[in-house]
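The values are calculated or read from the model by the stated rules, or taken from the named source; none is laboratory data. Remember, predicted model here, so these are calculated numbers, not experimental data. A quick note on method: Cβ atoms are made from the backbone with ideal geometry, for glycine too, and the neighbour counts reach across all protein chains shown. Ligands, DNA and RNA are stripped out before the accessible areas are found, and what is left, the full protein with its side chains, is counted by its heavy atoms. Shrake-Rupley method; radii C 1.70, N 1.55, O 1.52, S 1.80 Å.
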Amino acid sequence: MSRSREEVVRTNESFGAADIREFLNKGQYTRLRQVIQELNDADIADYLEDMGEEEIVKVFRILPKDIAADVFSCLELEFQQYVITSLSDKDAAHIINNMMSDDAKELMEEMPANIVKRLIANTDPETRQAINHLMRYPEDSAGSIMTVEYVDLKESLTVEEAIARIRKVGLDSETINICYVLDEQRRLVGTVALRYLLLSQGDEVIGDMMHENVISIHTLTDQEEAARQFKKYDFTAMPVVDNENRLVGIITVDDIVDIIEEETTEDIEKMAAIVPSDKPYMR
C-alpha cells in the first residue's frame with residue numbers, strides 16, 4: 001500500500017526517485033502532486049535527475065506551475081535542456097517566465113539557436129526584454145550574471161508607501177532584503193534594508209533613513225572581481241550600475257557561489273594540465 005502524504009513528508013530523507021516512479025506506474029497523479037509539492041525544490045530536482053527522461057517530463061506536467069519553475073531552476077543544465085524541449089511551447093514559456101532573468105539567460109546561452117528563437121517568441125514581453133538585455137553584456141562580466149528583478153524605491157516615499165511597493169513587486173524580485181533607492185534619472189543614491197522599514201514609523205521618509213554610502217560594481221567588471229568584492233564586504237546582494245551610475249541590475253550571493261565553483265574547477269584543471277593555459281604550465 002502506498003504511504004499517506006503525511007508519512008512521505010515526515011520521512012522526507014528516505015523519499016526518492018523510486019517513490020515517485022511508483023506513483024507514476026500506478027497512475028496516482030493527483031496523489032503524487034499532493035505529496036511532491038510538500039518537498040523542497042532542490043530535493044525534488046535531485047530525485048528527478050535519478051529518473052528517466054520521459055518520467056521527468058511526466059512529473060513536470062503534474063507539478064503545479066509555480067513549483068515546476070522553481071524545481072526547473074535547480075536542475076543541472078542537461079536536464080533543463082531536455083525538459084524545456086520536451087514540453088509544449090505554452091508550458092515551456094510558463095517556466096521561462098517564472099525563472100529569474102539571469103537563470104533564464106544562462107539557459108538560453110546553452111540552447112540551439114532555433115530553440116531559443118521559439119522559446120523567446122512565446123515568453124512574456126517583460127521576460128523577453130530582460131533576457132535580451134542580459135545577453136548584450138560580455139561573457140564573464142558582472143552584467144552577464146546579474147538579474148534585473150529587484151525592488152527599487154524613490155527617496156520621496158514614506159515607509160508605509162515603500163512597504164506597499166515591496167508587497168506589489170517583491171514576489172517577482174530576486175531578493176527583498178535590500179531595497180535600492182533611485183532618483184528621477186534612475187541613478188543609485190542609496191539603499192535601505194527591509195528590517196529597518198519594518199521597524200520604522202510609517203510616516204518616515206526613505207530619503208531621510210537610507211544608507212547613502214553605496215558600494216556597487218560596474219556592468220563590465222569581471223565576475224571574478226565581483227566575487228572578491230562579495231567576499232570583502234560579506235554582502236548577500238550587490239547593485240550593478242552603468243557608466244552614469246544608473247542601476248541596471250543586482251548580483252546575489254547564490255550567483256557568486258556558482259562563479260567561485262566554476263573558477264575553482266578551472267584553476268584545478270589548469271594545474272592538472274587538463275585545459276589550455278595562457279602561461280607555460282611550469283610557471
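The figures follow:
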read-out: Rel. contact order, % - alpha carbon contacts under 8 angstrom, at least six apart, the chain; value: 12 percent
read-out: Mean separation of Cα contacts under 8 Å, 6 or more apart, over the residue count of region 174-221: relative contact order %; value: 32 percent
read-out: Helix-only mean residue ellipticity at 222 nm for the chain, each DSSP H run of n ≥ 4 adding -39500 (n - 2.57), per residue, nearest 500; value: -15500 deg cm²/dmol
read-out: Solvent-accessible heavy-atom area per residue, rounded to whole Å², over the chain at 1.4 Å; value: 57 Å²
read-out: Degrees between helix 223-233 axis and first principal axis of the chain (Cα, 0 to 90, nearest 10); value: 70 degrees
read-out: Partner aspartates and glutamates for Lys231 [C-alpha distance under 17 Å; skip if fewer than 8 residues away on the same chain]; value: Asp222, Asp254, Asp255, Asp258, Glu261, Glu262, Glu263
read-out: Accessible-area order (highest first, 1.4 angstrom probe) of the listed residues Thr158, Thr252; value: Thr158, Thr252
read-out: Given charges at beta-carbon only (K, R positive; D, E negative), |dipole| of region 119-267 in Debye; value: 520 debye
read-out: Set of lysines with alpha-carbon distance to Lys154 below 21 Å, sequence-local pairs under 8 removed; value: Lys168
read-out: Charged-residue dipole, Cβ positions (Lys, Arg, Asp, Glu), the chain about Cα centre, Debye nearest 20; value: 740 debye
read-out: Volume in Å³ per residue [convex hull over Cα atoms, computed for the chain]; value: 177 Å³
read-out: Length-normalised contact order for region 1-159 - Cα pairs under 8 Å, 6+ apart - percent; value: 16 percent
read-out: Long-range tail of P(r) for region 65-137 (Cα pairs > 21 Å, %); value: 12 percent
read-out: Gaussian network model of the chain, springs between alpha carbon atoms under 10 Å - residue of Ile84, Ile217, Ile115 with greatest fluctuation; value: Ile115
read-out: Cα coordinate range in region 96-213, projected on the principal axes (Å, largest first); value: 53, 25, 23
read-out: Whole-angstrom gap from region 121-193 to region 23-75, using each part's C-alpha centre; value: 30 Å
read-out: Accessible area of the chain belonging to carbon and sulfur atoms, whole % at 1.4 Å probe; value: 46 percent
read-out: Reference-scaled alpha-carbon Rg (2.2 N^0.38 Å with N residues) for region 142-210; value: 1.07
